[in-house]
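K.L.:
Quick one: the structure is below, and I'll ask about it shortly.
The values are calculated or read from the model by the stated rules, or taken from the named source; none is laboratory data. Keep in mind it's a predicted model, so treat the numbers as computed, not measured. Ideal geometry is used to build each Cβ from the backbone, glycine not excepted, and the neighbour counts take in all protein chains shown. For the accessible areas, the whole protein counts, side chains as well, though only heavy atoms, and no ligand, DNA or RNA atoms are used. Shrake-Rupley method; radii C 1.70, N 1.55, O 1.52, S 1.80 Å.
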Amino acid sequence: AISEVPVERWDIAAYYDPTPGRPGKMYTRWGGFIEGVDRFDAQFFGISPREAARMDPQQRILLEVAWETLEYAGIDPTALAGSLTGTFVGICGSDYAQLQFGRVAQVDAYAGTGNAHSIAANRLAYLLDLRGPSMAVDTACSSSLVALHLACQSLSSGECDLALAGGVNLVLSPEVTVAFSQARMMAADGRCKTFDASADGYVRGEGCGMVALKRVAD
């Protein structure tokens with residue numbers, strides 16, 4: 001799952017320097033990257049091509065994985081309209097927003113909704129007409145865990161009867177990896193060595209995961 005930075009993300013040769021601390025440079029060439037993050041069946045979700053292009057791929061992948069999660073759970077997504085279903089999404093990256101907002105003349109209304117973390121969760125609720133709580137959670141590396149915790153609390157309190165809980169992360173631009181390299185947070189060899197004496201940082205990776213939760217009584 002770990003590879004060198006793909007050429008479609010950024011030119012690793014322009015940013016890589018094996019010496020830690022070099023301004024504007026990263027001392028790792030590695031990460032866990034998903035192929036084809038630019039691909040999206042917008043028509044399936046009733047989204048116009050223009051709006052889809054402005055949507056953070058993290059939002060697009062969330063739609064795909066949420067739909068898939070419900071199918072795996074034996075739930076017809078279209079049958080949830082009006083139900084007390086909650087959406088709890090861990091998300092903290094804003095790479096796509098940085099790429100778009102750097103070209104101010106091209107920014108339109110869809111760029112706003114397409115890159116807001118709140119909309120990452122709300123778009124699921126809007127698509128399926130869900131009436132439970134809907135929120136994005138950013139607690140850095142624990143975002144998905146906290147989203148899951150909040151979903152369990154919501155189910156326990158009766159705020160919702162079904163909860164979609166999970167998280168998403170994509171690494172689309174080099175700035176954050178440069179910042180983490182300046183903080184000596186990255187593993188230069190692309191390997192996490194947790195609790196080992198040779199541990200020297202972690203490896204940034206991409207992914208999306210979601211679970212459909214109900215109370216045991218249900």
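K.L.:
With the requirement that a residue be open to solvent by 20 Å² or more (accessible area, probe 1.4 Å) and over 15 Å from the mean Cα position of the chain (by Cα), what does the range 28-38 give you?
P.N.:
Scanning the range 28-38 gives R29, W30.
K.L.:
Further question on the same structure: Tell me which of these Q106 doesn't satisfy, since it passes every other one: (1) of a type in the set (S, T, N, Q); (2) under 25 Å from G205 (Cβ atoms); (3) surrounded by fewer than 16 Cβ atoms within 10 Å (Cβ to Cβ).
P.N.:
The single condition Q106 does not satisfy is (2).
K.L.:
Inside the range 76-110, can you point out the residues that are out of contact with any Leu (no Cβ under 9 Å at 6 or more places or on another chain) and over 25 Å from L164 (Cα atoms)?
P.N.:
Within the range 76-110, Q100, F101, G102, R103, V104, A105, Q106, V107, D108, A109 meet the criteria.
K.L.:
I need the helices (runs of 4 or more DSSP H) fully contained in the range 116-206, keeping only those with at least 2 residues that are under 15 Å from the mean Cα position of the chain (by Cα) and under 19 Å from V65 (Cα atoms).
P.N.:
Working: elements: 117-128, 143-157, 175-182.
Because the criterion is at least 2 residues that are under 15 Å from the mean Cα position of the chain (by Cα) and under 19 Å from V65 (Cα atoms), the helices (runs of 4 or more DSSP H) in the range 116-206 that meet it are 117-128, 143-157.
K.L.:
Quick one: R29 ticks every box in (1) closer than 25 Å to G190 by Cβ; (2) out of contact with any Asp or Glu (no Cβ under 9 Å at 6 or more places or on another chain) bar one, so which box is it?
P.N.:
The single condition R29 does not satisfy is (2).
K.L.:
Of the residues A66, A53, only one is among the hydrophobic types (A, V, I, L, M, F, W, C), part of a helix (DSSP H, G or I) and open to solvent by 40 Å² or more (accessible area, probe 1.4 Å); which? So that I can check it myself, show each step before the final result.
P.N.:
On the way: A66 fails: open to solvent by 40 Å² or more (accessible area, probe 1.4 Å).
Among A66, A53, only A53 is among the hydrophobic types (A, V, I, L, M, F, W, C), part of a helix (DSSP H, G or I) and open to solvent by 40 Å² or more (accessible area, probe 1.4 Å).
K.L.:
Going residue by residue through the range 83-103, is there one that turns out to be open to solvent by 60 Å² or more (accessible area, probe 1.4 Å) and among the acidic types (D, E)?
P.N.:
The answer is no, given that none of the residues of the range 83-103 is open to solvent by 60 Å² or more (accessible area, probe 1.4 Å) and among the acidic types (D, E).
K.L.:
Kindly indicate the residue of the range 1-27 that is of a type in the set (D, E, K, R) and more than 14 Å from R204 (Cβ to Cβ) and also most open to solvent (accessible area, probe 1.4 Å) among those meeting that condition. Can you show your working first?
P.N.:
From the range 1-27, those of a type in the set (D, E, K, R) are 4, 8-9, 11, 17, 22, 25; that's our starting set.
Going one step further and asking which of them are more than 14 Å from R204 (Cβ to Cβ), we end up with 8, 11, 17, 22, 25.
On the way: E8: 135, D11: 93, D17: 27, R22: 110, K25: 64 Å².
Out of the qualifying residues, it is E8.
K.L.:
Here's another thing I want to ask about it. Of V137, V178, V107, V146, which residue is closer than 30 Å to P20 by Cα and either β-branched (V, I, T) or touching a His at 6+ places or on another chain (Cβ under 6 Å) (or both)?
P.N.:
Numbers: V137 fails: closer than 30 Å to P20 by Cα; V107 fails: closer than 30 Å to P20 by Cα; V146 fails: closer than 30 Å to P20 by Cα.
None of the other options fit; the residue is V178.
K.L.:
Mind checking which residues of the range 103-112 are assigned to a helix (DSSP H, G or I) and without any contact (Cβ under 8 Å) to a residue 12 or more places away in the chain? Talk me through it step by step, then tell me what you get.
P.N.:
Of all residues in the range 103-112, those assigned to a helix (DSSP H, G or I) come to 104-106, 109-112.
Listed by number, the residues that qualify are V104, A105, Q106, A109, G112.
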